[in-house]
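For reference, the structure discussed in these notes is given below.
The values are calculated or read from the model by the stated rules, or taken from the named source; none is laboratory data. Because the structure is predicted, anything quoted here is derived from the model rather than measured. A quick note on method: Cβ atoms are made from the backbone with ideal geometry, for glycine too, and the neighbour counts reach across all protein chains shown.
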């Protein structure tokens, strides 16, 4: 897109060459053909060295720029608008079932549903109005998918999974796999046995939930593994059987929640953190990156970190221990010296 | 299912309304339409506040309940039996090859094998009797799959992978990907090179192994990456090239084992733990959640935790360090005061 | 393959039985039918107890062996050569589009491209010469894949993804999923809202990049998530939106890089490590296994470890704290005793 056309669309004015622009990018990462943006004079040095072909700047900018300039009232906002123009067009998923898709005759399809190529939908499933099931998806028997939900390619839903309205499931999501449950011990003859515990429950996902690529959520042993409404789950997260997430919570990439744990409302579980099984995290608690939580958190600490998880203050104390020890060593050495001196003096004094 | 019918099937007696029941659930998570259970009078408060429509209770329960009651000899056992009745029926995977599946003419299929829609089985593969290969699976050239093994949708087996009898592979399992191996350095002219080391071996899985959703196991550089019999692997686990797991071990979700490490028999590697490459974990050792094991473990500690992994006692000592330091500070202060007093007194005494 | 034939191919001489050999394996893991190797007399005990059917040994080996011996100048090198002979033949992916593949008529296919069964390539995509797109792959609208790139089964590329030349993408890789981005707060009426931030950018992968099984890389919010040339990424790695990896770096299994972080050239991020968002890792820095990096690293430390990440020396100091505290306790006790003795003596002396 020509810079002049973009300036017109964004309601700004072009200064300099009418360059061709193809994408947006931050000042440092931008390459020729990119549009960048800046509103803060403190970043003037980054503007001066950017490789962007054009930069969005506010009307009062007086630090110059090494490329074309488009002056706009709000550079941040204008860049977001430009990004929408540059973005690859969102693929159209028109209503209809692709001729290669296998949809069992008993499946109840809502209105205006899209089913992509090579997708399998097994018997008894129900798909709500305007749902989009993309290519190469597997929907097991009796699954129920709410209206407006969007399922990207190569997702698998094992039998009986329930998904609410307006959810988004990214590529490679696995819902309803068997939970990890075994009994083991020794038989009377001394030999070891390991037996699978049947995983008879389901996974139920509330409305407005988003689940990232390759995340796995196991079916309940009995009852439901439940993800409450508006919960946002990132990529590669593991959620064990019978976990309950109340809703409006976030679980960041590669975090894990073990079986039967309960996460309150409005919680944030940061990346690579782990929640032990059978514990409860109170509403609104944040669990920091890589933290490991072995016991229930009642909300008296709003943010925990470390393994085992503790307050920031407690973790800082552990990290500071070597420094404090060094200080104590110095003090002890001084005490020793004083004591020796006193002993010597005393010897003389008493002599 | 009517509560009265359920009572009859479970050999119990119904007290209260003949409600409709649809699922099982714990006392706290249960919703209307659910059946719950309790055998311990100490949980009477949870029974009193449950939202379940009916609850399984032992004959001698005298704490009442806010809903219908089904009295049975063993509530736990009865709930498990009820869960089987409520569970979505396990999909039938009848023997036969789906017409859309692509099975090379050279493949040797055992008796009563199921092959699902859009599955690809390449040349030279062998599939044992009664094996189930569900929809959208990829089985590479020359793979061998044992009798009775069940492979869920969207699993990929790269060429040459060997799987034993009665294994279960959940959705998205990746076996036989190239191990991570590169040589790098500088050429005589100073430029950097990074070269791929060919990964010429295979993955071999013993009998009775279960592998969770989206878990990855790499092929050996040379020889075999080996998972011994009855090993149970959870979701999102990573197992590097040339790893050996003796058997009868468990690897919990998101744990990782680096290349050429060896895990003994009867080990348990807890969630998010990491085992370094080229080390050995002795039989029966447990590695705690999020632990990082940099060196071989000879079994003298049966349970390790932390990074680097250590005994519970050692980890506790580190966690307790700040408290101990505070105590030492107090003692040193007291010593100082005493010393000052003595010096003052000595001054007088000697004066 | 007969041991005699193998000896001939490897330019060695066979001593002992002309056994049948099927695979290579280390001395300890080898089983009957395996060929093993040893060049170091210090490992003579392992040779003595190996279960291999034959072993490659150097000409001057005088410690014997419990099986057939093939003498060669360089046993390591010969074993690698033998492994190539034993390896399952690499499947041939001949040029051509499988009849079940769905390639949109607008797709530009280079010369000699292979497209496997049930693969979907959407409109406007471009595939370079000699590229291999295996079975069951999804290539979204407008994706560009460079010449010679190999994509294994069940990879998904969301719309607009760009991949360089000679890359390798292993099974289950997910490129271009939406980044994790939401705005949330409270409306005037007190109710909570959580809104998705549009993810309008793309993923761009440089030349010679390898990406392991089930790894996920999110599309940028604006602009590009960028993986520079020759970067080697292992399995189950998570890379957030707008991350930049300069190139020639390694990211080991289960590591994660949060949104907008920048990784320099020649970095090595070890297994299960985590890099926080919006920070920079200088060229050549190594981040140890399970380390958590909360702040930018300027390269003054070449290797960091622990959470929060620190130098080896700093981590060792924390680990050693309990020992040092015990020593201080002993010293304080001794001081106390001396002080008591002095006081007693002083009492007498002054009396």
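Residues in region C:150-166 that are crowded, with 24+ Cβ neighbours inside 10 Å and under 19 Å from residue C:219 (Cβ atoms): 8 in all. Scanning region C:103-147 for residues that are within 14 Å of another protein chain (Cβ to nearest Cβ) and not in a loop (DSSP other than H, G, I, E, B) turns up C:103, C:114, C:115, C:120, C:121, C:126, C:132, C:133, C:138, C:139, C:144.
In a residue-by-residue description of region C:28-36, the property of being within 22 Å of residue B:263 (Cα to Cα) and not in a loop (DSSP other than H, G, I, E, B) applies to at least one position. Restricting region C:93-102 to residues that are assigned to a loop (DSSP other than H, G, I, E, B) and more than 12 Å from every other protein chain (Cβ to nearest Cβ) leaves a set whose member that is surrounded by the fewest Cβ atoms within 10 Å (Cβ to Cβ) is C:94.
Just one of (1) modelled with pLDDT of 90 or more; (2) closer than 19 Å to residue A:202 by Cβ; (3) not in a strand (DSSP E or B) fails for residue B:73. It is (2).
Regarding region B:288-296, can at least one residue be identified that is more than 22 Å from residue A:275 (Cα to Cα) and either assigned to a strand (DSSP E or B) or more than 11 Å from every other protein chain (Cβ to nearest Cβ) (or both)? Yes, region B:288-296 contains a residue that is more than 22 Å from residue A:275 (Cα to Cα) and either assigned to a strand (DSSP E or B) or more than 11 Å from every other protein chain (Cβ to nearest Cβ) (or both). Suppose we keep only residues that are without any contact (Cβ under 8 Å) to a residue 40 or more places away in the chain and in contact with a strand residue (DSSP E or B) (Cβ under 6 Å, 6 or more places away or on another chain) within region C:167-185. Which one would you say is nearest to residue C:214 (Cα to Cα)? Result: C:182.
Looking at the structure I just gave you, is residue C:228 within 28 Å of residue C:131 (Cβ to Cβ), at pLDDT below 95 and out of contact with any helix residue (DSSP H, G or I) (no Cβ under 6 Å at 6 or more places or on another chain)? No.
Taken over region A:185-203, residues that are in a strand (DSSP E or B) and crowded, with 24+ Cβ neighbours inside 10 Å amount to 2. Among all residues of region A:301-312, there is none that is within 9 Å of another protein chain (Cβ to nearest Cβ), surrounded by 13 or more Cβ atoms within 10 Å (Cβ to Cβ) and assigned to a helix (DSSP H, G or I).
Among the residues making up region A:313-328, those that are more than 7 Å from every other protein chain (Cβ to nearest Cβ) and either in contact with a helix residue (DSSP H, G or I) (Cβ under 8 Å, 6 or more places away or on another chain) or within 18 Å of residue C:323 (Cα to Cα) (or both) are A:314, A:320, A:323, A:326, A:327.
A quick yes/no check of all residues on (1) within 26 Å of residue C:198 (Cα to Cα); (2) surrounded by fewer than 20 Cβ atoms within 10 Å (Cβ to Cβ); (3) more than 28 Å from the chain's Cα centre (by Cα); (4) in the same structural domain as residue A:135 (by TED's automatic domain parsing):
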{"site": "A:57", "(1), (2), (3), (4)": "yes, no, yes, no"}
{"site": "A:63", "(1), (2), (3), (4)": "no, yes, yes, no"}
{"site": "A:67", "(1), (2), (3), (4)": "no, no, yes, no"}
{"site": "A:79", "(1), (2), (3), (4)": "yes, no, no, no"}
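Residues of region A:71-92 that are touching a residue at least 40 places away in the same chain (Cβ under 8 Å), within 11 Å of chain C (Cβ to nearest Cβ) and either within 20 Å of residue C:140 (Cβ to Cβ) or touching a strand residue (DSSP E or B) at 6+ places or on another chain (Cβ under 8 Å) (or both): A:79, A:82, A:83, A:85, A:86. For region A:119-134, the set of residues classified as in contact with a strand residue (DSSP E or B) (Cβ under 7 Å, 6 or more places away or on another chain) and free of Cβ contacts under 8 Å to residues at least 40 places away in the same chain consists of A:119, A:120, A:121, A:122, A:125, A:126, A:127, A:128, A:131, A:132, A:133, listed by residue number. Across region A:28-37, the qualifying residues are those that are modelled with pLDDT of 90 or more and in contact with a strand residue (DSSP E or B) (Cβ under 6 Å, 6 or more places away or on another chain), and the one among them that is surrounded by the fewest Cβ atoms within 10 Å (Cβ to Cβ) is A:34. Name the residues in region C:157-184 that are more than 26 Å from the chain's Cα centre (by Cα) and part of a strand (DSSP E or B), would you? Answer for region C:157-184, where residues must be more than 26 Å from the chain's Cα centre (by Cα) and part of a strand (DSSP E or B): C:182, C:183, C:184.
Residue check, residue C:45 against (1) part of a helix (DSSP H, G or I); (2) in contact with a strand residue (DSSP E or B) (Cβ under 6 Å, 6 or more places away or on another chain); (3) farther than 27 Å from residue B:143 by Cα, all met but one. Which one? Condition not satisfied by residue C:45: (2).
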